[in-house]
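Read-outs: derived from the displayed coordinates by stated rules, not from any lab. Remember, predicted model here, so these are calculated numbers, not experimental data. Because the Cβ atoms are built from the backbone with ideal geometry, glycine has one as well, and the counts that use them run over all protein chains shown.
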Amino acid sequence: MAQVFQQRLSGYILDVAPHISRRSLAIVPERLKMSLISQILNLVLAEQIKSGDRLFLRDKSVGICVDDIDLQFQVSGNDKLQALPMSKPNVIFSANVPELLLVAAGKEDPDTLFFQRKLRIEGDTELGLEVKNILLSIELDALPMPVRLTVCKLASMLQALIQGSETK
């Protein structure tokens with residue numbers, strides 16, 4: 001009985017969380033969202049930016065669609081990484097929060113997700129592969145402690161919820 005309750009509760013949380021997040025994000029002004037995303041990207045990718053890895057983005061942009069929370073933006077990298085409202089990026093990555101979070105925490109392989117059709121790449125695939133390789137080069141241990149702890153804790157909670165909803 002307890003196992004059935006846990007399974008239903010885990011499934012409920014996984015179903016409801018994106019709806020709550022989507023509604024919350026909808027009331028945040030676009031300019032504020034883009035500013036926060038830009039700051040986070042520049043913080044998380046500081047090492048890659050310093051080493052010049054983002055130079056291949058010069059005059060190009062990468063679109064990110066987080067489908068389950070209806071968040072879309074594109075990133076350009078001329079002087080520093082800047083998030084902008086989606087217009088016409090050269091390549092678009094699309095996935096849901098769970099998959100992106102598990103990739104960020106190093107608990108899921110993006111290639112596996114791609115072949116399972118949980119991560120989609122459309123447009124300039126060569127640019128998409130370069131972006132994927134740079135994202136994979138991020139050392140979780142090199143991230144600021146609050147970011148690292150948040151990603152790891154969220155990924156662990158997510159894995160527990162997914163396992164709880166799949167337990168029979």
Revision key, fill the gap. The correct pair for the stretch 60-149, radius of gyration to one decimal and Dmax as a whole number, both in Å and from Cα atoms, is 13.0, 35
Study note, to complete from the structure: For 66-73, 15-22, ranked highest to lowest by mean beta-carbon neighbours within 10 Å, the order is 66-73, 15-22
Exercise for review: Determine which residues of the stretch 60-83 fall in the zone a paramagnetic label at S21 would reach in this model, i.e. backbone nitrogen under 13 Å from the point 7 Å along Cα→Cβ.
Suggested key: 65-72
**Study point:** Ranked packing of 24-35, 133-144, most packed first, by mean Cβ within 10 Å
**Key:** 133-144, 24-35
**Study point:** Counting DSSP beta bridges with both ends in the chain, the antiparallel % (nearest 5)
**Key:** 75
Point to revise | the chain: relative contact order as a whole-number percent, Cα under 8 Å and 6+ apart | key: 26
Exercise for review: With the Cα gyration tensor of the chain in hand, convert its eigenvalues to equivalent ellipsoid semi-axes via √(5λ) and list them largest first in whole Å.
Suggested key: 29, 17, 16
Review point. If the limit is 21 Å between Cα atoms, which of K33/K118; K80/K107; K50/K80; K132/K153 go over it?
Key: K33/K118; K80/K107; K132/K153
Point to revise | Sum of -39500 (n - 2.57) over DSSP H runs of 4+, divided by residues of the chain (222 nm, nearest 500) | key: -17500 deg cm²/dmol
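Would you list the membrane-span-like helices of the chain, meaning whole DSSP H runs whose alpha-carbon atoms span at least 15 Å along their axis and whose mean Kyte-Doolittle value is at least -1.0?
Result, helices passing both filters: 2-26, 30-44, 125-136, 145-166.
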Check your understanding: Which one of L143, L84, I27 is farthest out on the positive end of the charge dipole of the chain, using unit charges on Cβ (Lys, Arg +1; Asp, Glu -1) and the Cα centre as origin?
Key -> I27
Practice item. Obtain the nm distance between the two label points defined at N133 and S87 by a simple spin-label model: each point lies 7 Å from its Cα along the Cα-to-C-beta direction. Key: 2.9
